[in-house]
Amino acid sequence: MNDSGAFQAWAASAIAKRWPGARLDQIAALRGDLSTRRFWRVAIATRPETPAPGTAILVDLGPADLPRYVRVLNLLPAPVTEPPWINVHRFLESIGAPVPALYDADPACRAMLVEDVGELSLLDAVRRPGADAADLFRLAASELIRLHVDGTAQIDSRCIAHEITYSGRLFEWELKEFVEVGLAAVAPGADIWPIAPELAMLAARLDRFPRVFSHRDYHRENLYIQNGPRIRIIDFQDALMAPAAQDLAVLLTTRDTDDVITPAIERRILDFYCAGLARHGAAGLDAPEFMLSYRLCVLQHALKMIGRFEMFERNGKTGYRKYIPHALAQTRRMLAEMRAEFPKLSAALMP
């Protein structure tokens, strides 16, 4: 299906099938950030005796099941047999993760109807008057411990994430946009060639850390807050096996998260995460190695996003350049602790 009318007709049929007596009442398009998927919030009209939710989310799965990096780097040994969202969702439900319910799906039509988790993202919740950023991000870290501990212990080849590794090749490939446009955007006149070996070394060092089940995009706009408060997790279809610190780097430093997560709060969340691993009896890195892995993940993520945000702007996706100063600040914060290990990168980017 390509047109929104066809998706709306599919949703109307799915609602009538799932909840006899209910019908599609209204539908409104939602902003999907950078995804190739499309989303609509569907209002459902029901009778008093019909146990249907008031709203649901209609999803157009888009043209491709796998992200570009998986296809370019050939990270999956065999073709997928179902959309990754559905595959990973099944696994996450099996470990009790707070993901939306799947009401109906038609992979051939590229359509899904899923639970509406509301409109209050973690970012919006933190920005509310009187909100406690540390408490809300600890809530997110608690669910991350579930993914890393229970997810890693229970995953097998039936889940697509088990078959895709956040490898050194992928870490290095993600830095291509920094090489092509990012460096020039933040350090005009700097030469990439002295820096390139250090970027390769960064990717190689990240490749040496043990892997856990990872959401990959575990950030404040893929996490929603409901009464309780309770975290709900969306946008998990790109899950894979990655160093544990990668999810934490995304959670605590992506975009302008530094406006609410100070270094002191960051340290508290990291300590909370490590204590949680210990409470669950999960094997992990010792404290110095874990902090090293975190700094390297933050550095790689920040450099990647400098390049990505600049490339978005050059390709006409506006509104992302404003995040580059934040990513540069995270880069400099990590380099200040690892200047001796990345002398050329530090010389180019440190004030």
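Any residue in region 26-48 that is among the polar types (S, T, N, Q) sitting within a Cβ distance under 9 Å of a residue that is modelled with pLDDT under 85? List the pairs, counting only those 6 or more apart or interchain.
Cβ pairs passing all conditions: THR36/ALA64.
Just to be sure before I move on: is SER157 over 21 Å from the mean Cα position of the chain (by Cα), at negative phi and polar (S, T, N, Q) in the structure I sent?
yes
Considering LEU61, LEU139, which residue is modelled with pLDDT under 95, surrounded by 14 or more Cβ atoms within 10 Å (Cβ to Cβ) and either of a type in the set (Val, Ile, Thr) or within 28 Å of ARG230 (Cβ to Cβ) (or both)?
Criteria check complete, one pass: LEU61.
I'd like the residue in region 309-351 that is touching a residue at least 12 places away in the same chain (Cβ under 8 Å) and β-branched (Val, Ile, Thr) and, out of all such residues, is farthest from THR36 (Cα to Cα).
The qualifying residue farthest from THR36 (Cα to Cα) is THR331.
Every residue, every condition in (1) without any contact (Cβ under 8 Å) to a residue 60 or more places away in the chain; (2) under 25 Å from ALA278 (Cα atoms); (3) in contact with a His (Cβ under 9 Å, 6 or more places away or on another chain); (4) of a type in the set (Ser, Thr, Tyr), yes or no:
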| site | (1), (2), (3), (4) |
| --- | --- |
| LEU144 | no, yes, yes, no |
| SER167 | no, no, no, yes |
| ASN227 | yes, no, no, no |
| ILE231 | no, yes, no, no |
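Please indicate, with yes or no, whether at least one residue in region 248-263 is closer than 21 Å to ALA283 by Cβ, buried (at least 21 other Cβ atoms within 10 Å of the Cβ) and of a type outside the set (Ser, Thr, Tyr).
Yes, some residue in region 248-263 is closer than 21 Å to ALA283 by Cβ, buried (at least 21 other Cβ atoms within 10 Å of the Cβ) and of a type outside the set (Ser, Thr, Tyr).
Give me the helices (runs of 4 or more DSSP H) completely within region 241-351, filtered to those with at least 1 residues that are closer than 27 Å to LEU136 by Cβ, ordered by residue number.
Those helices (runs of 4 or more DSSP H) span 244-253, 263-279, 287-314, 324-337.
So GLY62 passes all but one of these: (1) in a loop (DSSP other than H, G, I, E, B); (2) in contact (Cβ under 8 Å) with a residue 60 or more places away in the chain; (3) closer than 29 Å to THR318 by Cβ. Which condition number does it fail?
Just one mismatch for GLY62, condition (2).
Does LEU299 satisfy the criteria of being closer than 28 Å to PRO84 by Cα and in the same structural domain as GLU177 (by TED's automatic domain parsing)?
Against the criterion (closer than 28 Å to PRO84 by Cα and in the same structural domain as GLU177 (by TED's automatic domain parsing)), LEU299 does not qualify.
List the pairs whose first member sits in region 234-245 and is within 16 Å of LEU92 (Cα to Cα), whose second member is aliphatic (A, V, I, L, M) and assigned to a strand (DSSP E or B), and whose Cβ atoms are under 8 Å apart, counting only residues at least 6 apart or on separate chains?
ILE234/LEU223; MET241/VAL212
The values are calculated or read from the model by the stated rules, or taken from the named source; none is laboratory data. Since the structure is predicted, the reported quantities are computational estimates derived from the model, not experimental observations. Cβ coordinates were reconstructed from backbone atoms using ideal geometry, including for glycine residues, and neighbour counts include every protein chain displayed.
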